[in-house]
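Inspection log for the structure reproduced underneath, given as structure tokens.
Coordinate-derived values only; no laboratory data. Since this is a predicted model, take the numbers as computed values, not measurements. We place every Cβ from the backbone using ideal geometry, glycine too, and count neighbours over all the protein chains shown.
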Amino acid sequence: MSYQRFVALGDSCTEGLDDPHPSGGQYRGWADFVAGRLALDDPTFRYANLGVRGRRLDQIVAEQMPTAAELNPDLIALFGGGNDVMSRGWNPRAVAGRVENAIRMATELAPTVVVFTLSDISHRMPMGWRMRPRLEALNNAIREAAISHRALLVDLWPDQAAKDSRYFGSDRLHLSESGHRKLAAHVLSSLGVSFDQSWLHPLPGTPSRAGWRADARWLCQEVLPVAVTRTRNRLIGRSPGDGCLPKRPELLPVRVDEVDAWARGTA
């Protein structure tokens with residue numbers, strides 16, 4: 001099946017963190033890689049990316065769904081839920097309701113919708129096991145909603161790549177370039193579209209194990225600054241991502257140089 005209007009919705013992962021674009025200025029990420037591949041099949045293909053860092057599912061629905069409706073997509077990919085998991089006042093029933101609402105609305109807007117579970121972060125960071133029950137509850141809600149609304153599911157929970165730190169950036173949460181390419185491969189596979197199989201190959205060599213010094217450096221350089229910023233934002237009534245705009249808010253054609261940058265090596 002050929003797709004002509006692809007809209008990516010979600011949070012920082014959809015925006016492309018932590019895969020800086022080689023030309024600078026913004027992030028790239030899995031949705032760009034998917035768009036680069038799909039553009040090879042149809043010269044009329046158009047792509048929009050409405051993802052904004054820090055957005056919870058309810059914010060994605062309020063801020064991105066109306067724009068997506070105006071774009072009349074035939075393919076939507078929705079990646080969200082991570083910020084709900086990390087938010088204060090976690091309530092599994094409330095989050096399950098947000099999941100149901102978001103996936104239902106997406107399937108009402110496009111005939112093909114791809115959604116994702118989250119990978120298991122408990123292997124990558126100290127005390128990560130404390131987040132595992134929240135992740136499991138979120139993923140169960142995503143699986144149920146995907147079945148109910150006939151969305152395509154990319155289930156990242158069993159992916160062993162989550163144990164390899166090289167697929168992730170310095171904060172151990174956002175994907176690196178290799179992680180985004182692997183995720184793009186999963187999306188293309190779910191759509192039945194051919195792609196460069198090397199994107200799914202394990203990275204060569206053995207990942208180094210993080211010791212206590214690396215954990216301490218991660219805590220000081222990555223965790224504490226984010227905690228301070230989130231606390232300050234709560235005090236002044238701001239949400240993460242406020243002031244950030246989508247990197248590609250309109251359906252635009254994918255240029256030849258973008259295809260080369262995004263889908264290099266694609267079969």
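What to note about this one:
- As a proxy for reagent exposure, ranking HIS174, HIS180 by other Cβ atoms within 10 Å from fewest up yields HIS174, HIS180.
- Karplus-derived HN-Hα couplings along segment 28-42 (A = 6.51, B = -1.76, C = 1.60, θ = phi - 60°), whole Hz, x at Gly and Pro: 9, x, 4, 5, 5, 4, 4, 4, x, 5, 5, 5, 5, 8, 8
- Spin-label model distance (nm) - GLU70 vs GLU108, 7 Å beyond Cα toward Cβ: 1.9
- Protection-proxy order for peptides 200-206, 97-103, each taking the mean of Cβ atoms within 10 Å per residue, highest first: 97-103, 200-206
- The smallest convex shape that holds all Cα atoms of segment 1-124, its convex hull, gives 127 Å³ per residue.
- Under 14 Å, Cβ to Cβ, from ALA31 - net charge with Lys/Arg +1 and Asp/Glu -1: +3
- Database remark: amide H of GLU250 closer than 5 angstrom to the amide H of ASN49 (H placed geometrically; neighbours at sequence offset of 5 or more, or on other chains; Pro and chain starts carry no H).
- Spin-label proximity, MET1 to segment 63-86 - amide N less than 11 Å from point 7 Å beyond Cα toward beta carbon: 74-76
- Between TRP129 and TRP90, the C-beta separation translates, for a Förster distance of 22 Å, into a calculated FRET efficiency of about 0.90.
- Fewest-first sequence of PHE116, PHE195 by Cβ atoms within 10 Å of each Cβ: PHE195, PHE116
- Segment 1-64 and segment 75-113: distance between their alpha carbon centers, rounded to Å: 17
- Each of VAL52, VAL7 has some number of other Cβ atoms within 10 Å of its Cβ, and from fewest to most they run VAL52, VAL7.
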